[in-house]
């Protein structure tokens, strides 16, 4: 159907003001590597309007890209190839439908920004622990569609572990409502876990019942200097043994990331005058009887005696703890300003993190000479392993080497039993990687599910699965 006809028919389904041309913000992704195309943007205000739009698109064979905050890093929110899609933006679905303060649950629409969820929960003494650098612009629907991870996975799990139920619309306009906040419900297939992480290819999530957690009475953080990733792994095991469930996060930061912050900003207070080879950022959250500062001091003393750490700083206030986290969360922005040749969101078994870090430089060195910035979530084995040009060169100078670099990193990850997509999703960037490294049986099942729920292939075509 011609574009004008589709947009005219859409105007009969939703508010005319919610239909518009797709401006640049809808057609670009954060790293600037892809430029999308679109028929236009439709921004429904209710699940019923989403259903009406999808019924029309199913009838006309119009492809649809569900759109959240546009912060995805694997191209799942835009299309360069194929027929121009309709962008289905959830930005107007911003309601917090309910909040059960006693039970610690909140029902939230897909367009709500993550930071708003944090603020609302914390005002009532609860936390929603999904935390990541883009939380000021990322919307709940996109976070659930990609099963976002973040820094607190060690203690609280991925996005799917924080959701009790979802409301979603299938490709033919069928509305699924499993928003019940029940902790136990075995009435048939758990469609929530099928839709979460499906990247908008099986249905459009319009709302979710979220699981909240009591706000820790006391929180503490420390940065400790370690000589190597091997020492960091031993320190992590020591921290786990001492703190147990109070250990919220354990991050690993390399010297290169600190040097990038020095060179490019954002301006960040660094706790050590000399930039160490490796830093561990350790975060604890305890109940009213706990003392995170004392626990971190004891951990440092024992680790120092064991030769695992050589220096450290323990946060003396919430403000200093926030400064530690600002350093960690500003590293991706410094990376962006430098300009990576190839960025990798990978995971390996935690025990093999040091082995990956030791072996990867030689694999990449066979391609050429580069700067490497390794940082990430040591506690769950998820590393952001990024490759940069040497000073005086740009990433564009190495366009012809990008594929070889990615293949070198991903082959090693696969050999170690890891994943080449730890928390960002597959999108369009990693479709070939899924086919290369994914389990063949799983791919057969995924294609069968896609065919059953979206037989016309209109939902985010080209993302996750080819064609």
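Summary of values
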| quantity | calculated |
| --- | --- |
| Residue 334, sole failed condition from (1) in a helix (DSSP H, G or I); (2) touching a helix residue (DSSP H, G or I) at 6+ places or on another chain (Cβ under 7 Å); (3) more than 18 Å from residue 266 (Cβ to Cβ) | (3) |
| Some residue of region 224-235 being surrounded by fewer than 16 Cβ atoms within 10 Å (Cβ to Cβ), within 25 Å of residue 464 (Cα to Cα) and touching a helix residue (DSSP H, G or I) at 6+ places or on another chain (Cβ under 8 Å) | no |
| Single residue of 396, 351, 360 found to be out of contact with any strand residue (DSSP E or B) (no Cβ under 6 Å at 6 or more places or on another chain), over 27 Å from residue 327 (Cα atoms) and part of a helix (DSSP H, G or I) | 396 |
| Conditions (1) in contact with a helix residue (DSSP H, G or I) (Cβ under 8 Å, 6 or more places away or on another chain); (2) more than 26 Å from residue 23 (Cβ to Cβ); (3) buried (at least 20 other Cβ atoms within 10 Å of the Cβ): number failed by residue 112 | (2) |
| Criterion violated by residue 465 - all others in (1) within 30 Å of residue 176 (Cβ to Cβ); (2) assigned to a strand (DSSP E or B) satisfied | (2) |
| Selection within region 8-39 - touching a strand residue (DSSP E or B) at 6+ places or on another chain (Cβ under 7 Å) and crowded, with 18+ Cβ neighbours inside 10 Å | 10, 14, 18, 19, 22, 26, 27, 38, 39 |
| So residue 364, is it closer than 18 Å to residue 231 by Cα and either assigned by TED's automatic domain parsing to the domain that holds residue 152 or touching a helix residue (DSSP H, G or I) at 6+ places or on another chain (Cβ under 9 Å) (or both) | no |
| The listed residue being in contact (Cβ under 8 Å) with a residue 24 or more places away in the chain and on the phi < 0 side of the Ramachandran plot, out of 447, 428 | 428 |
| Flag for residue 299 being in contact with a strand residue (DSSP E or B) (Cβ under 8 Å, 6 or more places away or on another chain) and either touching a residue at least 60 places away in the same chain (Cβ under 8 Å) or not in a loop (DSSP other than H, G, I, E, B) (or both) | yes |
| Top-ranked residue in region 364-376 [being at pLDDT 95 or above and surrounded by 18 or more Cβ atoms within 10 Å (Cβ to Cβ); ranked as nearest to the chain's Cα centre (by Cα)] | 375 |
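This table checks each residue for (1) in a strand (DSSP E or B); (2) out of contact with any helix residue (DSSP H, G or I) (no Cβ under 9 Å at 6 or more places or on another chain); (3) in contact (Cβ under 8 Å) with a residue 60 or more places away in the chain; (4) not assigned by TED's automatic domain parsing to the domain that holds residue 64.
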{"residue": "192", "(1), (2), (3), (4)": "no, no, no, yes"}
{"residue": "205", "(1), (2), (3), (4)": "yes, no, yes, yes"}
{"residue": "208", "(1), (2), (3), (4)": "yes, no, yes, yes"}
{"residue": "243", "(1), (2), (3), (4)": "no, no, no, yes"}
{"residue": "248", "(1), (2), (3), (4)": "yes, no, yes, yes"}
{"residue": "260", "(1), (2), (3), (4)": "no, no, yes, yes"}
{"residue": "268", "(1), (2), (3), (4)": "no, no, yes, yes"}
{"residue": "276", "(1), (2), (3), (4)": "no, no, no, yes"}
{"residue": "283", "(1), (2), (3), (4)": "yes, no, yes, yes"}
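The values are calculated or read from the model by the stated rules, or taken from the named source; none is laboratory data. This structure is a prediction, so every number in the text was calculated from the model and none was measured. No Cβ is skipped: glycine too gets one built from the backbone with ideal geometry, and neighbour counts run over all protein chains shown.
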